[in-house]
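Student: Handing you this structure, nothing more for now.
The values are calculated or read from the model by the stated rules, or taken from the named source; none is laboratory data. Computed from a predicted structure; not experimentally measured. As a convention, Cβ positions derive from the backbone with ideal geometry for all residues, glycine included, and neighbour counts pool all protein chains shown. Side chains included, ligands, DNA and RNA excluded: accessible areas come from the protein's heavy atoms. Shrake-Rupley method; radii C 1.70, N 1.55, O 1.52, S 1.80 Å.
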Amino acid sequence: MAKQTIMIDFDDTIVESIFLQRVNRFLNTCYTFDDFKDEYYIDNIIPKDKREQFFAEFCDTNPYFEVKIIEDAKEVIQKLNQKYEVYICSGCVMYNMPSKSAQIFAYKYQFLIKTFPFLSPQRFVFTNSKHVLKGDIIIDDYLDNLAGEFKQKYLFSSYHNRRFTEQDLKNLGIKRVKSWKEIAEILL
Ligand SMILES: [Mg+2]
């Protein structure tokens, strides 16, 4: 029997946000994730006239060089990979810096093949248009990215999505998961 397919998001699902640290460094501030309860785009805190400079610098230095992997993500994905057909699905186009985004594809690809050598690079899907995806299971921290055709949809808890209630999510056929341990309990 064919294995079920599972699409796993990358940023804020497998690795912590790459923006908080970079924004703090750029602005010389000490923001924490709690300051962005309703805001997915942490970079929106940067004054508009400085955003181009921020993104130019952001794309020029590999933001995944110092990124933190979310607890248990690697171990659980390795186990999921034995039971399911695992796809990593991630947007790479910076919405306000498309001309510089080619490097983001390369940075993510390099990080993935180095950190997850057991995954097939043939199953890396780099797109910002996740609503067109379909399969059996999807895990993502961004609600809009769960709009595709899937039998099971999981919202990975993150700083920006805490406001959605269990009932909000239930109405959309989505279940919240708070950790990779919880994902392991459900899917393994
Ligand atoms: Mg994400």
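Student: Running a GNM on the chain with Cα contacts under 10 Å, which residue among ASN171, ASN62, ASN24 ends up with the highest mean-square fluctuation?
Tutor: ASN171
Student: Please list CYS92, CYS30 in order of solvent-accessible area, largest first, computed with a 1.4 Å probe with all protein chains present.
Tutor: The most accessible residue leads, giving CYS30, CYS92.
Student: OK, next. Hey, any idea what Rg/Rh is for the range 108-163, computing Rh the Kirkwood way over Cα pairs?
Tutor: Here the Rg-to-Rh quotient is 1.01.
Student: For the pair GLU166/PHE33, report the inter-label distance in nm, with labels modelled 7 Å from Cα in the Cβ direction.
Tutor: 2.1
Student: Quote the accessible area belonging to LEU27 in square angstrom, nearest 10, computed with a 1.4 Å probe and with ligands, DNA and RNA left uncounted.
Tutor: About 50 Å², rounded to the nearest 10.
Student: So if I restrict to the alpha-carbon atoms in the range 62-188, what is the Rg, and what is Dmax, the biggest pairwise distance, in Å?
Tutor: 14.9, 41
Student: Would you kindly find the accessible area of TYR159, with a 1.4 Å probe and non-protein molecules such as ligands, DNA and RNA excluded, rounding to the nearest 10 Å²?
Tutor: Accessible surface of TYR159 is approximately 10 Å².
Student: Sticking with this one: Stokes-Einstein D for the range 1-79 at 37 °C, 0.692 mPa s, Kirkwood Rh over Cα pairs, in µm²/s?
Tutor: Calculated translational D: 225 µm²/s.
Student: How large, in percent, is the carbon and sulfur part of the accessible surface of the range 19-60 at a probe radius of 1.4 Å?
Tutor: Carbon and sulfur atoms account for 46 percent of the accessible area of the range 19-60.
Student: Additional query: Take the chain, connect every pair of alpha-carbon atoms lying under 10 Å apart with a spring to form a Gaussian network, then pick out the residue of LYS100, LYS175, LYS114 with the largest mean-square fluctuation.
Tutor: LYS114
Student: With Rg and the Kirkwood Rh both taken from Cα atoms, where does Rg over Rh land for the range 1-146?
Tutor: 0.97
Student: Please state the Cα pair-distance histogram of the range 19-60 with 10 angstrom bins from zero: what percent is in each bin?
Tutor: 28, 60, 12
Student: While we're on this one: Could you sort VAL67, VAL15 by accessible area so the largest value comes first, with the probe set to 1.4 Å?
Tutor: From most accessible down to least: VAL67, VAL15.
Student: As an exercise, identify the trypsin sites (Lys or Arg not before Pro) in the range 27-57 lying in DSSP coil whose Cβ has no more than 12 other Cβ atoms within 10 Å.
Tutor: Here the trypsin sites (Lys or Arg not before Pro) that fit, given the DSSP loop and packing criteria, are LYS37.
Student: Hey, another quick one. Could you work out how much longer the chain between GLN122 and ASN24 gets when fully extended? Use 0.36 nm per residue separation minus the Cα distance between them, nm to one decimal.
Tutor: Stretched out fully, the GLN122 to ASN24 stretch lengthens by 31.8 nm.
Student: How large is ³J(HN,Hα) for each residue in the range 171-188, as worked out from phi by the Karplus curve 6.51 cos²θ - 1.76 cosθ + 1.60 (θ = phi - 60°), to whole Hz, x for Gly and Pro?
Tutor: Karplus values, whole Hz, x for Gly and Pro: 4, 9, x, 10, 10, 7, 10, 9, 7, 6, 4, 5, 4, 4, 4, 7, 9, 9.
Student: Which residue fluctuates most in the GNM of the chain (Cα springs below 10 Å): ASP49, ASP140, ASP38?
Tutor: Maximum fluctuation in the GNM of the chain, among the listed residues, is at ASP49.
Student: Express in nm, to one decimal, how much length is gained between ASP144 and LYS83 on full extension, taking 0.36 nm for each residue of separation and deducting their alpha carbon distance.
Tutor: Fully extending the segment from ASP144 to LYS83 adds 19.3 nm.
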